[in-house]
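Worksheet for the structure shown next.
The values are calculated or read from the model by the stated rules, or taken from the named source; none is laboratory data. A quick note: this is a predicted structure, and the numbers were derived from the prediction, not measured. Every residue, glycine among them, receives a Cβ derived from its backbone with ideal geometry; neighbour counts consider all protein chains shown.
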Amino acid sequence: MIGISKYGVYLPVKRLKIEEMDRAAGGPGRGKGEKAVASFDEDSLTMGVNALYESGILDEGSLDALFFASTTAPYLEKSAAALIAETLPFAPPNFTVDFSSTLRAASNALILAQNFQESGGSKIALTAADIRLADVYSAEERAIGDGAAALVLTSGADSLAVLKYATSTSQEILDTWRKNTDQLLKMTEPHFRFKYGFTDVVTRAFTQFLKQSGMGVGDIQHVAINAPNVKLFLGTLKQINLEPAPLTLRLYQEIGHTGVSFGLLNFLAELESAKVGENILWLDYSDGANALLFRKTQEIEQPQMGKAISEKIYLNSYNDFLRLRNLVVSEAAPMEPFTSAVMNFREKRQNYALMAQRCKNCGEVTYPHNRICRKCNAKDNFEYLPISREGTIFTFTKEYLYPSPEGVAVTASADMDSGLRLFLQVTDSDYDKIEVGQRVRRTFRKLHDAGGFHNYFWKFRVIGEK
Amino acid sequence: MSLKDKVAIIGVGCTKFGENFNLDYKDMLVDSYTEAMEDAGIEPKDIDAAWLATAFPDMAHFEGNSGSSLAEPLSLYGRPITHVTNYCATGMDAVRNAAMAVASGNARFAYIGGVEKMRDVGPRESLIAQVVKTGHPVVGKGATAPGMFAMLETRYMAKYGVDRTPFAEVSVKNHANGSLNPKAHFGRPVTIEAVLNAPMIAYPLSLYECTPVSDGSASAIITTPEIAKSLKKDYILVKAMSLSIDAGYTPQFDKYNEFLGFKATQNAGVMAYKEAGIKNPHDEIDFAEVHDCFTITEVVNYEDLQFCRRGDGWKFVHEGRSSLQGELPVNPSGGLQSSGHPIGATGVRMVYELVTQLRGKAGKRQVKNARVGLAHNLGGPGSVASVAILARPD
């Protein structure tokens, strides 16, 4: 039996108010709520990494498999899961798999993780993320948001929740789609897609689940669904006389539908709100529907959902959103940094896992890597250890000449808790309030797209005062 | 081997620094070379060896990437010519190398030409383009020269509890001096309000606290003191020339870096004072040209070069001690703030300024009783520094 031993929630910190979107479209400022907006330096892969880091996976020491689920993976050909695995400070697992093409990809991955575990692989990381775009000024654009979530799955003993039952039903339908050449969501008219794409198939999946599991409606205390919008969500729940947890409702109202990760986020919100011993049914629709029944088996010592939803920086305008998503046309000649696929390959440990080196002769810990120890001159005598996630700003600057979609590129040198000094760009922080002595946490981001590929590295986020 | 009293400077030249749109790389070199040759009174055939100081040849398409870039415009073929590059310390390092050739007897007359062409492209397309387009793809990405120095000012202000004022005062002082220097890029004084309110370049440095992006060339001709005496030249003696490299490309990853000064400057200073036999820099140096690429740099230079105590640099400018009338005038030429910084030319321009001052020929910006001068050139940012100490022979 597979169980969740750890989980991570990663929501981008930027928010765009729905009323601002309405105003930008020429409206009076109608519309409640807001949506989560990934920064210009994020993609589904970086959010997948950050969700994993939030789960506490760094303490694990090993993995048997890593699954990544997204409909907006940064490469159509080239594994994101393989790269995500290299950001972890231990040897990558033998089995890395990328799941895509459907909004139920995360629960698909979970069902298969169960099968994988039954054949011997004991520890599986699953991370899901999406950044989707719909037409500018459209209604659908107001309902979708960006976000990620991750699970560490083990054999069930000492889990937070165990998977008791899973069923699946498949359905071919054109409700929403994107061709491999499309950037924006396409969809049929709402009445058709909501009835057949969502309501009917979810009802069928639910009925099928009850039948096959032998459970009754009364045995289910919580239901999480990745419904296309809050109205359909509440309407579906009402049919079985259930209310959503406040955090779950906030996902719809303040974050938006985060694609592949939405079902998982809904599930985690319900899981945090449930009592030990209660059952949580996760209905994950799209191209059919999956039904997964979990039972909560342990208290969650450190819940994450409330903090992740509540921590936010508002975008000033819809214009900012367009800039972040690179939808503003410019013919200014770009300056492309030097890059090299060979360097990326050679420096994975230094750049992706951000490992520091410790001289075995004198103990000095340094980054970036050198062959000759700066302190004792010993050559090629190092071991590698991860740099801590957090540190304290020693000094910083705000560069106005370095090209950045935000108009300023903030950089800081911070003394990391693990004992070395790290220099990174700063992102997703209140740049007006940045100060020596503030605490920062490193976050995985995309620096640029030079060389025709994505160049990933780390940046700092300010997380609080000293 | 000490260079003290083994090298004499007999000729110097310098073009106007600025946006020399009508002059190319070669034109500027010819102009400063001509002025230096006329000053020295020697013939081209007398030059045994030459050094070309150009820090970043790629900024001027490719000119300056070899000694041939000096040979061609000056028609100086058939002799050794070395291209020197060492970030912003390039100019002074070229002079230092030439000095070693003369002191060792390898060359009788040596020529140093510093030249940089930065304004054939927009201001951002030279140095900013360089940090964007070159360097490691991700590690350290996002740093620019103003940013790296700005990080020192952030730390200095936090540590010593000062605000931006003393740094802005460096800009005011140097622009005032520069207004007395016909060769400076910016010949206009600025007010402290203008400096503090100018657009931010890299917080906390504003536009008027950063050296402008400039074109320019400066030249020097050196020989032995004996030859200089026999030619009856108004020569200046080299008392010391040093170079120290104390950081790689990544001082921002160094946990021992206090961001309050530069070891390279400190060490280059110590080496030069030892070579020149100077025990008390504040008392024995009459004036100095120091590397003020940014205002913060000048403030920490005072401390690193031992003109004042650690932590008192901001007072040194705030109390007027480094002004033209002060006890130790710093950057009487207007420094990089006002002259500009065609990188390879700067170190050689400092030699031009020192020689001019020591000869008593500096006109309105003349330092009184100038007998011993110091020039400091820093690059990296912060990893390599060169110090030269020059003096009148009497």
Suppose we filter segment A:191-217 for residues that are among the acidic types (D, E) and in contact (Cβ under 8 Å) with a residue 24 or more places away in the chain; how many remain? 0
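With a cut-off of at least 1 residues that are within 14 Å of another protein chain (Cβ to nearest Cβ) and exposed (fewer than 13 other Cβ atoms within 10 Å of the Cβ), name the helices (runs of 4 or more DSSP H) lying wholly within segment A:314-369. Steps first, answer last, please.
Numbers: elements: A:318-324, A:341-346, A:348-351.
Helices (runs of 4 or more DSSP H) meeting the threshold: A:341-346.
Take the conditions in a loop (DSSP other than H, G, I, E, B) and either hydrophobic (A, V, I, L, M, F, W, C) or over 27 Å from A:A80 (Cβ atoms) (or both) and apply them to A:V462. Does it pass? Talk me through it step by step, then tell me what you get.
Numbers: in a loop (DSSP other than H, G, I, E, B): no; either hydrophobic (A, V, I, L, M, F, W, C) or over 27 Å from A:A80 (Cβ atoms) (or both): yes.
No, not satisfied.
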Screening A:E301, A:E390, A:E311 for residues that are loosely packed, with under 15 Cβ neighbours inside 10 Å, away from chain B (no Cβ under 14 Å) and within 18 Å of A:T443 (Cα to Cα) leaves only A:E311
Of all residues in segment A:405-446 being charged (D, E, K, R), in a strand (DSSP E or B) and within 11 Å of chain B (Cβ to nearest Cβ), which is surrounded by the most Cβ atoms within 10 Å (Cβ to Cβ)? A:R445
Does B:E275 qualify as being more than 17 Å from the chain's Cα centre (by Cα), within 23 Å of B:M100 (Cα to Cα) and among the acidic types (D, E)? yes
Quick test of your reading of the structure: B:T85 fulfils all but one of (1) surrounded by 21 or more Cβ atoms within 10 Å (Cβ to Cβ); (2) modelled with pLDDT of 95 or more. Name the failing condition by number. (1)
Does A:G407 count as outside the structural domain of A:A85 (by TED's automatic domain parsing), at pLDDT below 95, at positive phi and not hydrophobic (A, V, I, L, M, F, W, C)? yes
Looking at segment B:28-49 only, could you name the residues that are out of contact with any Gly (no Cβ under 7 Å at 6 or more places or on another chain) and in contact (Cβ under 8 Å) with a residue 40 or more places away in the chain? B:V30, B:D31, B:G41, B:I42, B:D46, B:I47, B:D48, B:A49
Some residue of segment A:390-409 being among the aromatic types (F, W, Y), under 27 Å from B:Y256 (Cα atoms) and within 25 Å of the chain's Cα centre (by Cα): no
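Do you know which of the residues in segment B:357-372 that are in a loop (DSSP other than H, G, I, E, B) and at positive phi is surrounded by the fewest Cβ atoms within 10 Å (Cβ to Cβ)? Break it down into steps so the answer makes sense when it comes.
Start the filter on segment B:357-372 by keeping residues that are in a loop (DSSP other than H, G, I, E, B), which leaves B:359-362, B:366-371.
Narrowing the set further to residues that are at positive phi leaves B:360, B:369.
Working: B:G360: 14, B:N369: 9.
Checked segment B:357-372; the qualifying residue surrounded by the fewest Cβ atoms within 10 Å (Cβ to Cβ) is B:N369.
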Regarding A:A113, is this residue in contact with a strand residue (DSSP E or B) (Cβ under 7 Å, 6 or more places away or on another chain), more than 17 Å from A:T72 (Cα to Cα), among the aliphatic types (A, V, I, L, M) and not in a loop (DSSP other than H, G, I, E, B)? yes
Of the numbered conditions (1) touching an Asp or Glu at 6+ places or on another chain (Cβ under 9 Å); (2) of a type in the set (V, I, T); (3) more than 21 Å from B:A8 (Cβ to Cβ), B:V270 fails exactly one; give the number of that condition. (1)
Please list, ordered by residue number, the helices (runs of 4 or more DSSP H) wholly in segment A:185-293 having 3 or more residues that are within 19 Å of the chain's Cα centre (by Cα). A:246-250, A:260-273
